[in-house]
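Down below is the structure, laid out as structure tokens.
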Amino acid sequence: MFKKRAITGLAVFAAAALSLSACASDTPAISGSDVDAAAATSAADFGGLDALIEAAKAEGELNVIALPDNWANYGEIKALFEDTYDITVNSADPDISSAEEIAAADNLKGQDTAPDVFDLGTAVTLASTDYFAPYQVENWDDIPAENKDADGLYVNDYTGSMSVGYDSNSVPEPTSLDDLLDADYKGAVALNGDPTQAGAAFAAVGLAAVQSGGTLDDFTPGVEFFTKLNAAGNFIPVNATPATIASGETKVVFDWSYNNLAQTSVVDGWEVTTLPGSVYTSFYNQAISNDAPHPAAARLWQEFLFSPDAQNLFITGGAYPVTIAAMTEDGTVDTKALDAIGALDGDLVTPTTEQAEGAATLLASDWAAAIG
């Protein structure tokens, strides 16, 4: 999980938008109304990308969920999709967890307001494949094999590193995990969510595990660290958000680098550090709901997210997109944006499917007691 690179400014986005409409021009047109969009596994099933765009525009709407505007630049990404295709993006419950996305799909099943697409952490993705419809985007080959389900049920999209953001006006910069056990951090340390439900919080425990001398095969050292942090009175069971950071309620926050970095421009004194040693990375996953009320728009959204315009916007937001290597090779990466966030360096560690499943099982049984 991790990676980077892309082209410059408006030229990149314009070229990428053109590529989405041009790729299918040589394919015989099929009216979008003649296609079972919910069964389509590629743009070819519509007769090409132009026909998919036609079908998506006919639907006119896309329901997304759990996509905050300030998370990896999703605000600009949603806006560009709307402007490019004249499709309204209905963005529901931006601050809920990955597990709550799936719960919403259950609660809204069969309704017009059900989510069309998901953006999920690894553990929830692996436990929820029954909710997904297989689909392979046109640039499927640009996505490394290890970053996608072979059948297209889910696909890695973007990543960052697990970082520590802190209010430099209130607390000193932590230079190691153990620093956070000191009295300087009393009632100050929070996670972005519950690690049994939210990918960012799950990753924070994983980071604590490898920073404590453990491995991704067993998150127990990470759970033990948060047990000690809680016993010291330094951990607070508050889900960190931009609002809790701005108010000073959460003075130290474990979160993805792109989220913590986003706060440095809006909160006075907010700084971000990556602890020395192992650097934890993990991709978020895109998937199309098999109950999508707008199945063509859902598939166009997937095509759009993996196009250079959206992948570059992730970089602008401080995240590293999955097609970074291909974009670097073909010259479509926004090098200026990439230079601004820097390379993703260090001893990078990312859980395998088996490790993530094992960690999810451990957290389900041990987390509540650790911070209770």
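What follows draws every value from the coordinates through simple rules; no lab data is involved. Only a predicted model underlies this, so the values are computations on that prediction, with no experimental measurement involved. We place every Cβ from the backbone using ideal geometry, glycine too, and count neighbours over all the protein chains shown.
Some notes on this structure:
- Proximity of backbone amide H atoms, modeled 1.01 Å from N, is registered between Val238 and Leu191 at under 5 Å, excluding neighbours fewer than 5 places apart on the same chain.
- Helix axis angle, 199-211 relative to the chain longest principal axis, alpha carbon, degrees: 50
- Across segment 276-288, rounded Karplus estimates of 3J(HN,Hα) from the backbone phi angles (6.51 cos²θ - 1.76 cosθ + 1.60, θ = phi - 60°) give x, x, 4, 10, 8, 10, 6, 6, 8, 10, 9, 8, 9 Hz, Gly and Pro being marked x.
- A simple charge model with +1 on the Cβ of Lys and Arg, -1 on the Cβ of Asp and Glu and nothing else charged puts the dipole of the chain at about 640 debye relative to its Cα centre.
- Multiplying the residue separation of Glu76 and Asp218 by 0.36 nm and subtracting their alpha-carbon distance yields 47.4 nm.
- Antiparallel content of DSSP bridges confined to the chain, in %, to 5: 65
- Nonlocal amide H pairs with Asn90, under 5 Å, H built at 1.01 Å: Leu62, Asn63, Val64
- Förster radius 25 Å - calculated FRET efficiency between Ala92 and Ser168 (Cβ-Cβ, nearest 0.05): 0.10
- Think of segment 249-325 as a dipole: +1 on every Lys or Arg Cβ, -1 on every Asp or Glu Cβ, centred on the Cα centre; then among Val272, Leu305, Phe254, Leu305 lies furthest on the positive end.
- Secondary-structure-derived ellipticity at 222 nm for the chain, considering helices only, amounts to -11500 deg cm²/dmol, per-run term -39500 (n - 2.57) for DSSP H runs with n ≥ 4.
- Each Lys or Arg adds one and each Asp or Glu subtracts one; over the other residues with Cβ under 13 Å from the Cβ of Ala243, this totals -2.
- Cα long-axis angle, helix 295-305 against the chain (0 to 90 degrees, to the nearest 10): 60
- Vicinal HN-Hα couplings computed from phi for segment 133-147 (Karplus, 6.51 cos²θ - 1.76 cosθ + 1.60; Hz; Gly/Pro x): 9, x, 7, 10, 5, 4, 9, 3, 5, 6, 9, x, 4, 6, 10
- Prolate/oblate/rounded label for the chain (Cα gyration tensor, a/c 1.5): prolate
- Helix 74-85 vs. the chain, principal-axis angle (Cα, 0 to 90°, nearest 10): 0
- Counted residue by residue at 0.36 nm each, then reduced by the alpha carbon distance between them, the extension gain from Glu61 to Asp83 reaches 6.7 nm.
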